[in-house]
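Visitor: To start, I am sharing the structure in question, which I have written as structure tokens.
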Amino acid sequence: MNDLAPHAYVEDPSPGTGRLRPRAAFTSDLPVIGLDGDWRFRLASGLDDLTGGFAEPEFDDSGWDLLAVPSCWQLTGLPGEPRCGAPAYTNISYPFPVDPPRVPRENPTGEYRRAFEVPEEFPTGAAVLRFEGVDSAFAVWLNGARLGDGKGSRLTTEFDASAALRPGRNLLAVRVHQWSSGSYLEDQDMWWLSGIFRSVAVAARGVEDFFVHTAYDHTTGRGTPAVEVTAPTAVTLTVPELGITAADPAGPHPVDGVEPWSDEHPRLYSGELVSAAGERIPLRIGFRTVAVVDGVLTANGRPIPLRGVNRHEWHPLTGRTLTEQTMLADVLLMKQHNINAVRTSHYPPDRRFLDLCDEHGLWVFCEGDLETHGFVAGGWRRNPSDDPAWRAAYLDRAERLVERDKNHPSVIVWSLGNEAGTGSNLAAAAAWIRRRDDSRLIHYEGDWASCSYVDLYSRMYLGLDELAAAGRRQEPVTADPADDAHRRSLPVVLCEYAHAMGNGPGGLAEYQEVIEAHPRLAGGFVWEWIDHGIARTTEHEESFHAYGGDFGEEIHDGNFVADGLLFPDRTPSPGLVEYKKVIEPVRIRVDPVARQVTVRNLHHVRHSGYLDFRWSVEVGGEPVGSGGLAVPATGPGATGTVDWPAELTAALDAARKGGSGQEVWLTVTAALAADETWAGAGHEIAWGQGLVVPASPAAPFAPVAPTLHEGYLALGAARFDARSGLLVRLGDLELDGPRLDVWRAPIDNDLLGAFAGPLIDSWLAAGLHRMRHEVRRVEPDATGLTVTARLAAAGSSAGLDVVYRWTGGDGARLRLETTVTPDGAWPVPLPRLGVAMSLPGTDAEVEWFGPGPGEAYRDSRAAARVGRYRSTVSAMQTPYVRPQENGNRHHVRHARLTAAAGTLLVTGAPVIDLTVRPWSTEALTAATHQHEPTPDGRLHLHLDQAHHGLGSAACGPGPSAPSVLAAVPTTFGIEFGTSW
């Protein structure tokens, strides 16, 4: 480093100086000194505020703060106020002027110091200092000697510590800069966080590196392990299960009859490398071969379906610093929800995560630490991807990606990075990877228009029609005809789809149907795994999750960072529950006519014998029979059919003869018959339902005539305001409503529009959020009450004419038929169409018969099974990071609300969507964080004929045509009561 410019490395595009060549991550029995723990720390405001002499061993740091390593310094102090700077979130824009490779001189810089002891017996003459993750650029001194500097935040960096390390006390000093030239390559749609956020250690070095090659021939069952070793002494290989003992690692060692590794059968063979110096290195060997055959993605000779997710590393308190327990929780949740693949967006994960993928079985697209999306605003001008000055940085990031993770059988694809435009540096990185490792495929979505140097045709957020066209190889031709045949020969992968922001994604079942219809479509990865909410508490100790803009950022992208299938605390969202159902590896279909159950096995290697099938019969949601179902083991890709057993037939016959008039449902489940590494016996994998006996028509009742009293009309047990026609009481229960309602608290997919104008703009322009309900006539007659009204917005000539027809019978039975007729031009879909009412209370018990137990909407309802469910109003609210429409129970047959003020029964004619909340839609619409909506003393009940679909328009297509709620003439019925 030039003494006249000691900080030039910060803006130098090169990847660093003084670093050792990258190598595989592995454990060894050689000694390691872990340096995680409390370090002395000072946060400087920039390059003009650095501490002179801070790297000297005798420097007095007693006045400095203590900071945990690993950690992200901006998150220190959470869930209270951050003590060391503040987080900032942008999706695409750089949070500083774009002038590569320059960054602001006001550059927050963390100065770290750590004293540690080295035992006398430690081999200091062959020692490395290892940093597994530092964001974004850093320089290192050991005992006052500068070892070097580095960039590549999510990549391992090692320095030779041999000359500076000594027995006894040692002093390590590190200077970490928030911004550097490397920041231009790390614009990855996440919080900008800084620090030493992964582990640090001093390790003795013996064997330098090794590369385990495990070719597998599916036609013969032969595996051929061969291990390239770089070491100063001779090394031997032992794999007892394969009959290899103290052999030359280079082999090759052909072995017949090996069990290949896959997501469904993650078979690992334990082995060991032993050096002549006595070092022992454990190995876990998995045999698998990945290939493209006739445009189809295969592993071990069989097509593989990718049922994947994109995974950022995130914890709401520690950011990108994760414990192994948190990583394990992610892997187990993925497996338990039928996910079989993960794209490590958009950087290599903590190395321990890949160990867990090897062990439990997940296909991995391992992605490079690269994204330059912020250059798109300038038309990709000065994008480093095509600038020779950045070539070394691109190659370095590719090399460090591959070398660290090359021994993981779970890794089947190297991904160059994400949204970095196009250019020669990406092509050069792909060429280097292909020379180094030709056993895996290469992925990069950003050059999809040509695909000239990749092995997969990867796309983001395609609509259903475009996806189906790609499945048929009917995508548009490439600009260069020479690339067209190559691209059409590649499998199609949706590297991102079904953007899971807020309430959604909708349409998952439709996507899966298209994917399964075309062998070329290899599947894809839902965006994304987890909401990146930051845990905070208010001054009143109320908890919530913060998002962009909550820390005073100059520019930010709001809650676009909360777009995962998990809430920040790792609670599964309704979207994850829906995804689990949609991607079931076993499909169960109940055929009441043929009295058969069909099982379709979508596994690629595993037969269905690992599952325990059971049946249950319910009448009106109440169980009347259950038992085991003997399903012959069905091979991968095959379909089997089994007749109903006698016990099942008897239970259904008895239910028919019971004459209850209620729906009779048969449910068949498939659960683990024995423990797996990722779930215990009994964990449900798949289910199917069939309606065997429909409900009998509702019993008619003789209508009674309304009677006029002072200020109100009585219709049976109901009272209506004589002037407005509103229902104000049913029996002893005070009510307000119902009124026609078309507004919902906008979901994120309503508020944002990646490919078209946000739907909210059209809704607000139409005045749907400020509709006025004007009653025109209240007309009692001999058989009931008719209320005529109009719903319209000020300034608009369009409206919805509505007729409420009320009929009442003896007791508390009350029927409402609502007829809605649009008047004028309605070019926009309606958010919802139903009636809204309220009753006193802040919480209530809710019991319903219909799909459940969780929320469901018209394009997100596959996971809701028909049954009888019980909950509370408070428990039925879904805690999206930004409050929005939630909690809808779809196609409810009947429900009972039991509050302190009384009981209300609701029955659909035949079904109705049900939502009940302790706050109004207006309060929910106004809220920006989870803690803001508060009960207002009323229970707000929404009974909807339909909702507009969810879609994924925040970053993708809106709802498909069947899920669009058009304003058309509609009639729907509801019955109310106070007792069954």
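The values are calculated or read from the model by the stated rules, or taken from the named source; none is laboratory data. This one's a predicted model, so the numbers in the text were calculated from it and none came from an experiment. Here the Cβ positions follow ideal geometry from the backbone for every residue, glycine too, while neighbour counts run over all protein chains shown. Calculation scope for accessible area: heavy atoms of the full protein, side chains included, ligands and nucleic acids excluded. Shrake-Rupley method; radii C 1.70, N 1.55, O 1.52, S 1.80 Å.
Visitor: Give the residue that is farthest from ARG130 (Cα to Cα), with candidates limited to residues of the stretch 34-59 that are open to solvent by 60 Å² or more (accessible area, probe 1.4 Å) and assigned to a loop (DSSP other than H, G, I, E, B).
Guide: Among those that are open to solvent by 60 Å² or more (accessible area, probe 1.4 Å) and assigned to a loop (DSSP other than H, G, I, E, B), it is SER45.
Visitor: Shifting gears a bit: Do we have any residue at all in the stretch 335-352 that's under 28 Å from SER183 (Cα atoms) and surrounded by fewer than 24 Cβ atoms within 10 Å (Cβ to Cβ)? Break it down stepwise before answering.
Guide: Taking the stretch 335-352 first, the residues under 28 Å from SER183 (Cα atoms) are 342-352.
Pick out the ones that are also surrounded by fewer than 24 Cβ atoms within 10 Å (Cβ to Cβ) and you get 351-352.
Yes: one or more hits.
Visitor: What are the pairs, 6+ residues apart or on separate chains, where a residue within the stretch 227-249 that is closer than 23 Å to ASP437 by Cβ has its Cβ under 8 Å from a residue that is open to solvent by 70 Å² or more (accessible area, probe 1.4 Å) and modelled with pLDDT of 95 or more?
Guide: What qualifies is VAL235/ALA276; LEU237/ASP248; VAL239/SER270; PRO249/GLU228.
Let's see how each residue does on (1) modelled with pLDDT under 95; (2) within 35 Å of the chain's Cα centre (by Cα); (3) surrounded by fewer than 24 Cβ atoms within 10 Å (Cβ to Cβ):
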site: GLY150; (1), (2), (3): no, yes, no
site: GLY182; (1), (2), (3): no, yes, no
site: SER199; (1), (2), (3): no, yes, yes
site: PHE211; (1), (2), (3): no, yes, yes
site: ALA215; (1), (2), (3): yes, yes, yes
site: THR220; (1), (2), (3): no, no, yes
site: THR224; (1), (2), (3): no, no, yes
site: GLU228; (1), (2), (3): no, no, yes
site: ALA231; (1), (2), (3): no, no, yes
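Visitor: What's the number of the only condition in (1) surrounded by fewer than 24 Cβ atoms within 10 Å (Cβ to Cβ); (2) small (Gly, Ala, Ser); (3) part of a loop (DSSP other than H, G, I, E, B) that ALA509 fails to meet?
Guide: With (1) surrounded by fewer than 24 Cβ atoms within 10 Å (Cβ to Cβ); (2) small (Gly, Ala, Ser); (3) part of a loop (DSSP other than H, G, I, E, B) applied to ALA509, the lone miss is (3).
Visitor: A further question follows. For a quick check of your reading of the model, give me the residue pairs whose first member lies in the stretch 963-976 and is over 14 Å from LEU914 (Cβ atoms) and touching a residue at least 12 places away in the same chain (Cβ under 8 Å), whose second is part of a loop (DSSP other than H, G, I, E, B) and open to solvent by 50 Å² or more (accessible area, probe 1.4 Å), with beta-carbon atoms closer than 6 Å and at least 6 apart or on different chains.
Guide: Every condition considered, the pairs that remain are SER963/ARG858.
Visitor: Within the stretch 276-297, can you find the residues that are part of a strand (DSSP E or B) and open to solvent by less than 50 Å² (accessible area, probe 1.4 Å)?
Guide: Step one: list which residues in the stretch 276-297 are part of a strand (DSSP E or B), which gives 280-285, 290-293, 296-297.
ILE281, LEU283, ILE285, VAL290, ALA291, VAL296, LEU297 - these are the residues of the stretch 276-297 that are part of a strand (DSSP E or B) and open to solvent by less than 50 Å² (accessible area, probe 1.4 Å).
Visitor: Any residue that is more than 28 Å from ARG404 (Cβ to Cβ), in a loop (DSSP other than H, G, I, E, B) and among the hydroxyl-bearing types (Ser, Thr, Tyr) - is there at least one of those in the stretch 86-97?
Guide: There is at least one residue in the stretch 86-97 that is more than 28 Å from ARG404 (Cβ to Cβ), in a loop (DSSP other than H, G, I, E, B) and among the hydroxyl-bearing types (Ser, Thr, Tyr).
Visitor: For the stretch 321-339, indicate whether the set of residues that are of a type outside the set (Asp, Glu) and in a strand (DSSP E or B) is non-empty. Talk me through it step by step, then tell me what you get.
Guide: If we filter the stretch 321-339 for residues that are of a type outside the set (Asp, Glu), which is where we start, we get 321-323, 325-329, 331-339.
Checking the rest, the ones that are also in a strand (DSSP E or B) come to none.
No, every residue in the stretch 321-339 fails to be of a type outside the set (Asp, Glu) and in a strand (DSSP E or B).
Visitor: For the subset of the stretch 758-808 comprising residues that are small (Gly, Ala, Ser) and part of a strand (DSSP E or B), which member is nearest to PRO969 (Cα to Cα)?
Guide: Start the filter on the stretch 758-808 by keeping residues that are small (Gly, Ala, Ser), which leaves 762, 765-767, 782, 784, 789, 792-799, 808.
Then keep just the ones that are part of a strand (DSSP E or B); that gives 784, 789, 792-793, 799, 808.
Details: GLY784: 23, ALA789: 15, ALA792: 16, ALA793: 19, GLY799: 12, GLY808: 25 Å.
Among those residues, the one meeting the criterion is GLY799.
Visitor: In the stretch 417-455, which residue that is outside any loop (DSSP other than H, G, I, E, B) and β-branched (Val, Ile, Thr) is farthest from ASP387 (Cα to Cα)? Give the derivation first.
Guide: The first filter runs over the stretch 417-455 and keeps only residues outside any loop (DSSP other than H, G, I, E, B), leaving 424-436, 441-443, 445-447.
Then keep just the ones that are β-branched (Val, Ile, Thr); that gives 433, 442.
Numbers: ILE433: 19, ILE442: 22 Å.
So the residue we want is ILE442.
Visitor: So which residues in the stretch 150-171 are in a strand (DSSP E or B) and among the polar types (S, T, N, Q)? Give the derivation first.
Guide: Of all residues in the stretch 150-171, those in a strand (DSSP E or B) come to 150-151, 157-160, 168-171.
Within the stretch 150-171, THR157, ASN170 qualify.
Visitor: Give me the pairs: first residue in the stretch 432-461 and assigned by the TED database to the domain that holds GLY421, second residue modelled with pLDDT under 95 and crowded, with 21+ Cβ neighbours inside 10 Å, beta-carbon distance under 8 Å, and six or more apart or on different chains, which are they?
Guide: Hits for this filter: TYR453/ASP447; VAL454/ASP447.
Residue by residue, here is whether (1) closer than 23 Å to ARG893 by Cα; (2) surrounded by fewer than 17 Cβ atoms within 10 Å (Cβ to Cβ); (3) touching a Ser or Thr at 6+ places or on another chain (Cβ under 9 Å) holds:
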| site | (1), (2), (3) |
| --- | --- |
| LEU905 | yes, no, yes |
| GLY908 | yes, no, no |
| THR921 | no, no, no |
| HIS948 | yes, no, yes |
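Visitor: State which residue pairs qualify: first residue in a loop (DSSP other than H, G, I, E, B) and inside the stretch 632-647, second residue basic (Lys, Arg) and at pLDDT 95 or above in any location, beta carbons under 7 Å apart, and separation of 6 or more residues or different chains.
Guide: These pairs meet every condition: PRO636/ARG606; TRP644/ARG595.
Visitor: Is the stretch 607-616 home to any residue that is open to solvent by 60 Å² or more (accessible area, probe 1.4 Å), over 29 Å from ARG858 (Cα atoms) and touching a Leu at 6+ places or on another chain (Cβ under 8 Å)? Before the answer, list the steps.
Guide: So in the stretch 607-616, the residues open to solvent by 60 Å² or more (accessible area, probe 1.4 Å) come out as 607, 612, 614.
The next check asks that each one be over 29 Å from ARG858 (Cα atoms); those that pass are 607, 612.
Now restrict to residues that are touching a Leu at 6+ places or on another chain (Cβ under 8 Å): 612.
Yes, the stretch 607-616 has at least one match.
Visitor: Are there any pairs, at least 6 apart or on different chains, whose C-beta atoms fall under 8 Å, with the first in the stretch 852-868 and farther than 13 Å from THR915 by Cα and without any contact (Cβ under 8 Å) to a residue 60 or more places away in the chain and the second surrounded by fewer than 20 Cβ atoms within 10 Å (Cβ to Cβ) and aromatic (Phe, Trp, Tyr), and if so, which?
Guide: Qualifying pairs under 8 Å: none.
Visitor: Identify the single condition in (1) surrounded by 22 or more Cβ atoms within 10 Å (Cβ to Cβ); (2) in a helix (DSSP H, G or I) that ILE912 does not satisfy, given that it satisfies every other one.
Guide: Condition (2) is where ILE912 drops out.
Visitor: Determine whether LEU142 is in contact (Cβ under 8 Å) with a residue 24 or more places away in the chain, open to solvent by 20 Å² or more (accessible area, probe 1.4 Å) and over 20 Å from ARG320 (Cβ atoms).
Guide: Numbers: in contact (Cβ under 8 Å) with a residue 24 or more places away in the chain: yes; open to solvent by 20 Å² or more (accessible area, probe 1.4 Å): no; over 20 Å from ARG320 (Cβ atoms): yes.
Considered against the rule, which asks whether it is in contact (Cβ under 8 Å) with a residue 24 or more places away in the chain, open to solvent by 20 Å² or more (accessible area, probe 1.4 Å) and over 20 Å from ARG320 (Cβ atoms), LEU142 comes out as no.
Visitor: Sticking with this one: Are there any pairs with C-beta distances below 7 angstrom linking a residue in the stretch 60-84 that is within 15 Å of ARG40 (Cα to Cα) and open to solvent by 30 Å² or more (accessible area, probe 1.4 Å) to a residue that is at pLDDT 95 or above and aromatic (Phe, Trp, Tyr), with the two at least 6 apart or on different chains, and if so which?
Guide: TRP64/PHE41; ASP65/PHE41; LEU66/PHE41; PRO70/PHE197
Visitor: Now, a different point. Which residue out of LEU830, LEU816 is assigned by the TED database to the domain that holds LEU768, touching a strand residue (DSSP E or B) at 6+ places or on another chain (Cβ under 9 Å), assigned to a strand (DSSP E or B) and in contact (Cβ under 8 Å) with a residue 40 or more places away in the chain? Quick ask: steps written out before the conclusion?
Guide: Working: LEU830 fails: assigned to a strand (DSSP E or B).
One residue alone meets the criteria, LEU816.
Yes or no, residue by residue, for (1) of a type outside the set (D, E, K, R); (2) closer than 30 Å to VAL492 by Cβ:
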site: GLU510; (1), (2): no, yes
site: GLU516; (1), (2): no, yes
site: PRO519; (1), (2): yes, yes
site: TRP527; (1), (2): yes, yes
site: GLY533; (1), (2): yes, no
site: THR537; (1), (2): yes, no
site: TYR547; (1), (2): yes, no
site: GLY552; (1), (2): yes, no
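Every residue, every condition in (1) crowded, with 21+ Cβ neighbours inside 10 Å; (2) within 20 Å of PHE755 (Cα to Cα), yes or no:
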| position | (1), (2) |
| --- | --- |
| ARG404 | yes, no |
| TRP414 | yes, no |
| SER458 | yes, yes |
| ASP465 | no, yes |
| ARG472 | no, no |
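Visitor: The conditions are (1) surrounded by fewer than 21 Cβ atoms within 10 Å (Cβ to Cβ); (2) in contact with an Asp or Glu (Cβ under 7 Å, 6 or more places away or on another chain), and HIS603 fails exactly one of them. Which is it?
Guide: Every listed condition holds for HIS603 apart from (1).
Yes/no matrix, rows are residues, columns are (1) open to solvent by 20 Å² or more (accessible area, probe 1.4 Å); (2) in contact with a strand residue (DSSP E or B) (Cβ under 6 Å, 6 or more places away or on another chain):
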| position | (1), (2) |
| --- | --- |
| ASP263 | no, yes |
| LEU268 | yes, yes |
| GLY301 | yes, no |
| LEU317 | yes, yes |
